[in-house]
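The values are calculated or read from the model by the stated rules, or taken from the named source; none is laboratory data. Remember, predicted model here, so these are calculated numbers, not experimental data. Quick reminder, even Gly has a Cβ in these numbers, built from the backbone with ideal geometry, and neighbours come from all protein chains shown.
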Amino acid sequence: MKETSSTEEQIWAETAIDLDKGTRKALDSLSRQQQPASKQRNTGQGHVFSWIIPLFLAVAVGALLTYYHKQETGINAEVKSLHQQAEQAALEGKYKEALQLLDSALTKRPNYDALIQDRQITAKAFNLMNQLDEASTSLKTGKLSAGDKTIQAVAKVLMEREEPVFSKVRAAFNNRKVTLAVLKVKKEIDSLTTIEALAEKLDTVSNLKGKEAETVEKQIVDKLASISYKEAEQQVKQKNFTIALQTVDQGLSYAPENEKLTSYRERVLSEKKAFEKAEADRIQQAEQQAAEEDLMNRTAAVSVVNVDATLDMYGDLYISGSLINNATRPISSVTVLIDIYNIDGIYLGQTYADVYPSWLDVGEEGFFETYYYGVYEEAEISVVNATWYLE
(Lines give C-alpha, C1' and ligand atoms only; values in the text may rest on other atoms or scores of the structure.)
Protein backbone atom coordinates (compact mmCIF):
# COMPACT_ATOMS: atom_id res chain seq x y z
CA MET A 1 0.00 0.00 0.00
CA LYS A 2 1.14 3.57 -0.57
CA GLU A 3 2.25 5.78 2.35
CA THR A 4 0.02 8.73 3.45
CA SER A 5 1.00 11.75 5.59
CA SER A 6 -2.39 11.99 7.29
CA THR A 7 -5.22 9.57 6.59
CA GLU A 8 -7.66 11.61 8.68
CA GLU A 9 -6.89 14.81 6.71
CA GLN A 10 -7.61 13.04 3.43
CA ILE A 11 -10.92 11.69 4.75
CA TRP A 12 -11.90 15.15 5.97
CA ALA A 13 -11.12 16.55 2.51
CA GLU A 14 -14.07 14.51 1.30
CA THR A 15 -16.44 15.38 4.15
CA ALA A 16 -15.55 19.08 4.21
CA ILE A 17 -17.53 19.65 1.02
CA ASP A 18 -20.68 18.29 2.65
CA LEU A 19 -20.14 20.39 5.77
CA ASP A 20 -19.70 23.54 3.65
CA LYS A 21 -22.93 22.82 1.80
CA GLY A 22 -24.79 22.42 5.10
CA THR A 23 -23.46 25.74 6.39
CA ARG A 24 -24.50 27.61 3.23
CA LYS A 25 -27.95 26.06 3.40
CA ALA A 26 -28.41 27.27 7.00
CA LEU A 27 -27.25 30.80 6.14
CA ASP A 28 -29.62 30.97 3.17
CA SER A 29 -32.46 30.00 5.51
CA LEU A 30 -31.51 32.79 7.90
CA SER A 31 -31.45 35.33 5.06
CA ARG A 32 -34.90 34.36 3.90
CA GLN A 33 -36.27 34.72 7.41
CA GLN A 34 -34.77 38.18 7.86
CA GLN A 35 -36.27 39.69 4.68
CA PRO A 36 -39.94 39.84 5.77
CA ALA A 37 -38.89 40.96 9.25
CA SER A 38 -37.30 44.15 7.82
CA LYS A 39 -40.60 45.24 6.32
CA GLN A 40 -42.32 45.30 9.77
CA ARG A 41 -40.40 48.23 11.30
CA ASN A 42 -43.63 50.12 12.24
CA THR A 43 -45.14 47.41 14.54
CA GLY A 44 -43.89 46.15 17.91
CA GLN A 45 -44.62 42.51 17.08
CA GLY A 46 -42.66 42.77 13.86
CA HIS A 47 -39.73 44.24 15.72
CA VAL A 48 -39.68 41.32 18.17
CA PHE A 49 -39.81 38.65 15.49
CA SER A 50 -37.10 40.38 13.48
CA TRP A 51 -34.47 39.16 15.94
CA ILE A 52 -36.09 36.21 17.77
CA ILE A 53 -36.69 34.03 14.72
CA PRO A 54 -33.14 34.35 13.32
CA LEU A 55 -31.82 33.59 16.80
CA PHE A 56 -33.79 30.35 17.02
CA LEU A 57 -32.72 29.38 13.53
CA ALA A 58 -29.09 30.07 14.29
CA VAL A 59 -29.25 27.90 17.41
CA ALA A 60 -30.95 25.07 15.47
CA VAL A 61 -28.47 25.22 12.61
CA GLY A 62 -25.56 25.27 15.06
CA ALA A 63 -26.90 22.18 16.82
CA LEU A 64 -27.40 20.36 13.54
CA LEU A 65 -23.90 21.24 12.35
CA THR A 66 -22.41 20.10 15.67
CA TYR A 67 -24.28 16.78 15.44
CA TYR A 68 -23.29 16.33 11.81
CA HIS A 69 -19.64 17.12 12.60
CA LYS A 70 -19.56 14.58 15.45
CA GLN A 71 -21.18 11.94 13.25
CA GLU A 72 -18.73 12.50 10.42
CA THR A 73 -15.80 12.55 12.87
CA GLY A 74 -16.86 9.13 14.15
CA ILE A 75 -17.12 7.73 10.63
CA ASN A 76 -13.72 9.14 9.72
CA ALA A 77 -12.12 7.58 12.80
CA GLU A 78 -13.69 4.21 11.93
CA VAL A 79 -12.52 4.44 8.31
CA LYS A 80 -9.00 5.35 9.44
CA SER A 81 -8.92 2.37 11.80
CA LEU A 82 -10.16 -0.01 9.10
CA HIS A 83 -7.57 1.39 6.68
CA GLN A 84 -4.73 0.88 9.16
CA GLN A 85 -5.88 -2.66 9.98
CA ALA A 86 -6.06 -3.48 6.27
CA GLU A 87 -2.56 -2.13 5.70
CA GLN A 88 -1.13 -4.27 8.52
CA ALA A 89 -2.96 -7.38 7.32
CA ALA A 90 -1.67 -6.86 3.77
CA LEU A 91 1.91 -6.43 4.97
CA GLU A 92 1.55 -9.76 6.80
CA GLY A 93 0.34 -11.45 3.63
CA LYS A 94 -3.28 -11.74 4.83
CA TYR A 95 -4.61 -10.34 1.60
CA LYS A 96 -8.13 -11.73 1.81
CA GLU A 97 -8.59 -10.22 5.26
CA ALA A 98 -7.14 -6.91 4.05
CA LEU A 99 -9.59 -6.79 1.14
CA GLN A 100 -12.53 -7.39 3.47
CA LEU A 101 -11.40 -4.52 5.72
CA LEU A 102 -10.94 -2.19 2.74
CA ASP A 103 -14.39 -3.09 1.41
CA SER A 104 -15.89 -2.25 4.82
CA ALA A 105 -14.13 1.12 4.78
CA LEU A 106 -15.29 1.85 1.21
CA THR A 107 -18.93 1.31 2.15
CA LYS A 108 -18.50 4.28 4.50
CA ARG A 109 -16.26 6.42 2.25
CA PRO A 110 -16.80 5.15 -1.33
CA ASN A 111 -15.00 8.11 -2.91
CA TYR A 112 -11.86 8.00 -0.79
CA ASP A 113 -9.04 7.67 -3.37
CA ALA A 114 -6.49 6.17 -0.96
CA LEU A 115 -8.87 3.32 -0.13
CA ILE A 116 -9.63 2.68 -3.79
CA GLN A 117 -5.96 2.61 -4.79
CA ASP A 118 -4.93 0.42 -1.84
CA ARG A 119 -7.69 -2.05 -2.67
CA GLN A 120 -6.45 -2.31 -6.26
CA ILE A 121 -2.88 -2.96 -5.07
CA THR A 122 -3.99 -5.51 -2.47
CA ALA A 123 -6.17 -7.31 -5.01
CA LYS A 124 -3.16 -7.55 -7.33
CA ALA A 125 -1.02 -9.07 -4.54
CA PHE A 126 -3.84 -11.47 -3.64
CA ASN A 127 -4.12 -12.58 -7.26
CA LEU A 128 -0.38 -13.17 -7.56
CA MET A 129 -0.34 -15.23 -4.37
CA ASN A 130 -3.18 -17.37 -5.72
CA GLN A 131 -1.18 -17.93 -8.92
CA LEU A 132 1.82 -19.04 -6.86
CA ASP A 133 -0.41 -21.46 -4.95
CA GLU A 134 -1.52 -22.89 -8.29
CA ALA A 135 2.12 -23.20 -9.33
CA SER A 136 2.87 -25.06 -6.10
CA THR A 137 0.07 -27.53 -6.82
CA SER A 138 1.42 -28.07 -10.34
CA LEU A 139 4.93 -28.74 -9.03
CA LYS A 140 3.71 -31.18 -6.37
CA THR A 141 1.82 -33.17 -9.00
CA GLY A 142 4.80 -33.34 -11.36
CA LYS A 143 3.49 -30.74 -13.84
CA LEU A 144 6.77 -28.85 -13.98
CA SER A 145 6.06 -27.12 -17.30
CA ALA A 146 2.76 -25.67 -16.09
CA GLY A 147 4.30 -24.60 -12.79
CA ASP A 148 7.25 -23.01 -14.56
CA LYS A 149 4.93 -21.05 -16.88
CA THR A 150 2.93 -19.67 -13.94
CA ILE A 151 6.07 -18.72 -12.01
CA GLN A 152 7.45 -16.86 -15.03
CA ALA A 153 4.18 -14.94 -15.40
CA VAL A 154 4.31 -13.87 -11.75
CA ALA A 155 7.97 -12.85 -12.17
CA LYS A 156 7.06 -10.39 -14.94
CA VAL A 157 4.47 -8.69 -12.76
CA LEU A 158 6.74 -8.54 -9.69
CA MET A 159 9.43 -6.78 -11.72
CA GLU A 160 7.09 -3.80 -11.96
CA ARG A 161 6.01 -3.76 -8.31
CA GLU A 162 8.04 -2.24 -5.48
CA GLU A 163 5.31 -1.71 -2.86
CA PRO A 164 5.96 -3.31 0.58
CA VAL A 165 2.65 -5.15 0.31
CA PHE A 166 4.26 -7.47 -2.26
CA SER A 167 7.02 -8.64 0.13
CA LYS A 168 5.15 -11.81 1.11
CA VAL A 169 4.38 -12.52 -2.55
CA ARG A 170 8.06 -12.09 -3.38
CA ALA A 171 9.07 -14.48 -0.59
CA ALA A 172 6.60 -17.10 -1.84
CA PHE A 173 7.84 -16.53 -5.40
CA ASN A 174 11.47 -17.17 -4.37
CA ASN A 175 10.37 -20.34 -2.58
CA ARG A 176 8.58 -21.64 -5.67
CA LYS A 177 11.65 -20.85 -7.81
CA VAL A 178 13.80 -22.99 -5.52
CA THR A 179 11.26 -25.80 -5.58
CA LEU A 180 11.14 -25.71 -9.38
CA ALA A 181 14.93 -25.75 -9.70
CA VAL A 182 15.19 -28.65 -7.25
CA LEU A 183 12.52 -30.70 -9.00
CA LYS A 184 14.15 -30.14 -12.39
CA VAL A 185 17.41 -31.53 -11.04
CA LYS A 186 15.64 -34.35 -9.25
CA LYS A 187 13.95 -35.39 -12.47
CA GLU A 188 17.37 -35.78 -14.13
CA ILE A 189 19.15 -37.69 -11.35
CA ASP A 190 18.06 -41.17 -12.39
CA SER A 191 19.39 -40.69 -15.94
CA LEU A 192 22.83 -39.50 -14.81
CA THR A 193 25.38 -42.29 -14.55
CA THR A 194 28.74 -40.54 -14.29
CA ILE A 195 30.45 -38.81 -11.42
CA GLU A 196 31.12 -35.74 -13.57
CA ALA A 197 27.47 -35.27 -14.55
CA LEU A 198 26.24 -35.74 -10.99
CA ALA A 199 28.90 -33.38 -9.64
CA GLU A 200 27.62 -30.66 -11.98
CA LYS A 201 24.07 -31.08 -10.66
CA LEU A 202 25.39 -31.10 -7.12
CA ASP A 203 26.92 -27.66 -7.71
CA THR A 204 23.53 -26.40 -8.89
CA VAL A 205 21.61 -27.73 -5.91
CA SER A 206 24.21 -26.70 -3.34
CA ASN A 207 23.48 -23.05 -4.20
CA LEU A 208 19.82 -23.49 -3.28
CA LYS A 209 18.28 -23.35 0.18
CA GLY A 210 15.48 -25.28 1.82
CA LYS A 211 14.61 -28.81 2.89
CA GLU A 212 13.77 -29.88 -0.66
CA ALA A 213 17.22 -28.80 -1.87
CA GLU A 214 18.85 -30.59 1.04
CA THR A 215 16.95 -33.79 0.27
CA VAL A 216 17.92 -33.79 -3.41
CA GLU A 217 21.50 -32.86 -2.54
CA LYS A 218 21.67 -35.92 -0.30
CA GLN A 219 20.29 -38.11 -3.11
CA ILE A 220 22.97 -36.82 -5.49
CA VAL A 221 25.73 -37.35 -2.93
CA ASP A 222 24.45 -40.86 -2.21
CA LYS A 223 24.43 -41.69 -5.90
CA LEU A 224 27.91 -40.23 -6.36
CA ALA A 225 29.14 -42.44 -3.54
CA SER A 226 27.35 -45.45 -4.99
CA ILE A 227 28.87 -44.97 -8.46
CA SER A 228 32.33 -44.49 -6.97
CA TYR A 229 31.84 -47.64 -4.98
CA LYS A 230 30.74 -49.66 -8.00
CA GLU A 231 33.55 -48.40 -10.22
CA ALA A 232 36.12 -49.11 -7.53
CA GLU A 233 34.74 -52.59 -7.14
CA GLN A 234 35.13 -53.28 -10.83
CA GLN A 235 38.70 -52.01 -10.69
CA VAL A 236 39.44 -54.20 -7.70
CA LYS A 237 38.02 -57.18 -9.58
CA GLN A 238 40.48 -56.40 -12.35
CA LYS A 239 43.24 -56.17 -9.72
CA ASN A 240 43.75 -52.41 -10.43
CA PHE A 241 44.04 -51.56 -6.76
CA THR A 242 45.79 -48.17 -7.22
CA ILE A 243 43.11 -46.92 -9.61
CA ALA A 244 40.42 -48.27 -7.28
CA LEU A 245 41.84 -46.20 -4.44
CA GLN A 246 41.76 -43.07 -6.63
CA THR A 247 38.13 -43.75 -7.50
CA VAL A 248 37.19 -44.16 -3.85
CA ASP A 249 39.00 -40.94 -2.95
CA GLN A 250 37.10 -39.08 -5.66
CA GLY A 251 33.83 -40.27 -4.20
CA LEU A 252 34.90 -39.28 -0.70
CA SER A 253 35.68 -35.76 -1.92
CA TYR A 254 31.92 -35.34 -2.49
CA ALA A 255 30.74 -37.55 0.36
CA PRO A 256 33.43 -37.33 3.06
CA GLU A 257 31.12 -38.75 5.72
CA ASN A 258 30.03 -41.75 3.70
CA GLU A 259 30.82 -44.73 5.92
CA LYS A 260 30.40 -47.17 3.06
CA LEU A 261 33.17 -45.56 1.00
CA THR A 262 35.40 -44.95 4.01
CA SER A 263 35.16 -48.58 4.97
CA TYR A 264 35.71 -49.71 1.40
CA ARG A 265 38.90 -47.70 1.08
CA GLU A 266 40.38 -49.71 3.89
CA ARG A 267 38.94 -52.80 2.31
CA VAL A 268 40.69 -52.11 -1.02
CA LEU A 269 44.04 -52.13 0.76
CA SER A 270 43.04 -55.22 2.64
CA GLU A 271 41.82 -56.98 -0.48
CA LYS A 272 45.08 -56.29 -2.23
CA LYS A 273 46.92 -58.05 0.52
CA ALA A 274 44.22 -60.68 0.71
CA PHE A 275 44.44 -61.30 -3.03
CA GLU A 276 48.17 -61.71 -2.90
CA LYS A 277 47.83 -64.02 0.05
CA ALA A 278 45.01 -65.91 -1.63
CA GLU A 279 47.17 -66.47 -4.68
CA ALA A 280 49.89 -67.93 -2.51
CA ASP A 281 47.39 -70.00 -0.59
CA ARG A 282 45.82 -71.36 -3.75
CA ILE A 283 49.15 -72.77 -4.80
CA GLN A 284 49.39 -74.62 -1.54
CA GLN A 285 45.73 -75.44 -1.27
CA ALA A 286 44.61 -78.89 -2.00
CA GLU A 287 43.07 -79.35 -5.42
CA GLN A 288 40.24 -81.35 -4.10
CA GLN A 289 37.62 -79.70 -1.91
CA ALA A 290 34.48 -81.19 -0.65
CA ALA A 291 31.86 -81.09 -3.40
CA GLU A 292 29.04 -80.21 -1.03
CA GLU A 293 30.98 -77.40 0.58
CA ASP A 294 31.94 -76.01 -2.81
CA LEU A 295 28.35 -76.24 -4.06
CA MET A 296 26.97 -74.44 -1.05
CA ASN A 297 29.59 -71.76 -1.18
CA ARG A 298 28.86 -71.08 -4.83
CA THR A 299 25.09 -71.44 -4.91
CA ALA A 300 23.78 -70.81 -1.42
CA ALA A 301 26.36 -68.64 0.27
CA VAL A 302 23.88 -65.97 1.25
CA SER A 303 20.40 -65.87 2.72
CA VAL A 304 18.26 -62.75 2.85
CA VAL A 305 17.27 -61.85 6.41
CA ASN A 306 14.87 -59.06 5.55
CA VAL A 307 14.02 -56.64 2.79
CA ASP A 308 11.82 -53.58 2.98
CA ALA A 309 10.60 -50.81 0.66
CA THR A 310 9.31 -47.39 1.66
CA LEU A 311 7.72 -44.80 -0.66
CA ASP A 312 9.05 -41.33 0.17
CA MET A 313 7.30 -37.98 -0.27
CA TYR A 314 8.79 -37.55 -3.76
CA GLY A 315 7.41 -40.81 -5.13
CA ASP A 316 10.75 -42.67 -4.94
CA LEU A 317 11.12 -46.14 -3.48
CA TYR A 318 13.76 -46.50 -0.76
CA ILE A 319 14.84 -50.15 -0.56
CA SER A 320 16.85 -51.66 2.29
CA GLY A 321 17.59 -55.08 3.73
CA SER A 322 20.20 -57.45 5.07
CA LEU A 323 21.61 -60.92 4.43
CA ILE A 324 23.89 -63.45 6.11
CA ASN A 325 27.01 -65.17 4.79
CA ASN A 326 26.14 -68.86 5.10
CA ALA A 327 29.26 -69.98 3.28
CA THR A 328 32.18 -71.70 4.97
CA ARG A 329 34.48 -69.02 3.62
CA PRO A 330 34.39 -65.24 3.59
CA ILE A 331 32.66 -63.66 0.61
CA SER A 332 33.05 -60.23 -0.97
CA SER A 333 31.48 -57.89 -3.53
CA VAL A 334 27.99 -59.16 -2.80
CA THR A 335 25.28 -57.77 -5.08
CA VAL A 336 21.54 -58.49 -4.93
CA LEU A 337 19.07 -58.22 -7.80
CA ILE A 338 15.66 -56.87 -6.76
CA ASP A 339 12.40 -57.10 -8.73
CA ILE A 340 9.73 -54.46 -8.15
CA TYR A 341 5.97 -54.92 -8.59
CA ASN A 342 2.99 -52.72 -7.81
CA ILE A 343 0.30 -53.92 -5.40
CA ASP A 344 -1.59 -55.49 -8.34
CA GLY A 345 1.40 -57.63 -9.20
CA ILE A 346 2.38 -55.71 -12.30
CA TYR A 347 6.13 -55.73 -12.91
CA LEU A 348 7.64 -52.25 -12.62
CA GLY A 349 11.33 -52.97 -13.05
CA GLN A 350 14.42 -54.12 -11.22
CA THR A 351 17.47 -52.67 -9.61
CA TYR A 352 20.77 -53.78 -8.09
CA ALA A 353 22.04 -53.10 -4.59
CA ASP A 354 25.56 -53.61 -3.28
CA VAL A 355 26.03 -55.19 0.14
CA TYR A 356 28.26 -53.55 2.68
CA PRO A 357 30.68 -54.17 4.13
CA SER A 358 32.23 -55.48 0.96
CA TRP A 359 33.89 -58.31 2.87
CA LEU A 360 31.66 -60.66 4.86
CA ASP A 361 33.21 -63.20 7.15
CA VAL A 362 31.55 -66.54 7.86
CA GLY A 363 28.21 -65.93 9.60
CA GLU A 364 28.58 -62.16 9.29
CA GLU A 365 25.58 -60.01 8.37
CA GLY A 366 25.71 -57.55 5.50
CA PHE A 367 23.37 -54.72 4.59
CA PHE A 368 22.14 -53.13 1.38
CA GLU A 369 20.16 -50.06 0.41
CA THR A 370 19.24 -48.30 -2.81
CA TYR A 371 16.61 -46.08 -4.44
CA TYR A 372 14.27 -46.83 -7.30
CA TYR A 373 13.09 -43.50 -8.64
CA GLY A 374 9.74 -42.39 -10.04
CA VAL A 375 7.41 -45.11 -8.67
CA TYR A 376 4.73 -42.81 -7.20
CA GLU A 377 2.82 -45.74 -5.66
CA GLU A 378 3.21 -48.42 -3.04
CA ALA A 379 5.17 -51.40 -4.31
CA GLU A 380 6.26 -54.89 -3.38
CA ILE A 381 9.81 -56.11 -3.82
CA SER A 382 11.69 -59.36 -3.74
CA VAL A 383 15.34 -60.35 -3.98
CA VAL A 384 15.49 -62.68 -6.98
CA ASN A 385 19.20 -63.24 -7.27
CA ALA A 386 22.52 -62.56 -5.60
CA THR A 387 26.12 -62.68 -6.75
CA TRP A 388 29.30 -62.73 -4.69
CA TYR A 389 32.98 -63.60 -4.74
CA LEU A 390 34.36 -66.36 -2.58
CA GLU A 391 37.59 -65.61 -0.78
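Points to keep in mind about this one:
- Given (1) within 27 Å of residue 374 (Cα to Cα); (2) not assigned by TED's automatic domain parsing to the domain that holds residue 372, index of the condition residue 312 fails: (2)
- Counting only residues that are in a loop (DSSP other than H, G, I, E, B) and either in contact with a Lys or Arg (Cβ under 7 Å, 6 or more places away or on another chain) or acidic (Asp, Glu) (or both), the stretch 346-360 holds 2 of them.
- Any hit, the stretch 166-188, residues being in contact (Cβ under 8 Å) with a residue 40 or more places away in the chain and outside any helix (DSSP H, G or I): no
- Test for residue 165: is it surrounded by 20 or more Cβ atoms within 10 Å (Cβ to Cβ), outside the structural domain of residue 232 (by TED's automatic domain parsing) and either under 30 Å from residue 232 (Cα atoms) or touching a strand residue (DSSP E or B) at 6+ places or on another chain (Cβ under 9 Å) (or both): no
- Check on residue 84, assigned to a helix (DSSP H, G or I) and either at pLDDT 80 or above or surrounded by 17 or more Cβ atoms within 10 Å (Cβ to Cβ) (or both): yes
- Taken together, 216, 157 contain a single residue that is farther than 25 Å from residue 369 by Cβ, surrounded by 15 or more Cβ atoms within 10 Å (Cβ to Cβ) and either free of Cβ contacts under 8 Å to residues at least 40 places away in the same chain or out of contact with any Asp or Glu (no Cβ under 7 Å at 6 or more places or on another chain) (or both), which is 157.
- Test: residue in the stretch 117-131 that is over 36 Å from the mean Cα position of the chain (by Cα) and either in a helix (DSSP H, G or I) or at pLDDT 85 or above (or both): no
- Scanning the stretch 248-258 for residues that are in a helix (DSSP H, G or I) and under 11 Å from residue 225 (Cβ atoms) yields 248, 250, 251, 252, 253, 254.
- Members of the stretch 263-272 that are free of Cβ contacts under 8 Å to residues at least 24 places away in the same chain and surrounded by 16 or more Cβ atoms within 10 Å (Cβ to Cβ): 265
- Among (1) over 19 Å from residue 229 (Cβ atoms); (2) touching a Gly at 6+ places or on another chain (Cβ under 7 Å); (3) in a strand (DSSP E or B), the one test that residue 376 misses: (3)
- Conditions (1) crowded, with 18+ Cβ neighbours inside 10 Å; (2) of a type in the set (A, V, I, L, M); (3) modelled with pLDDT of 85 or more; number of the one not met by residue 243: (1)
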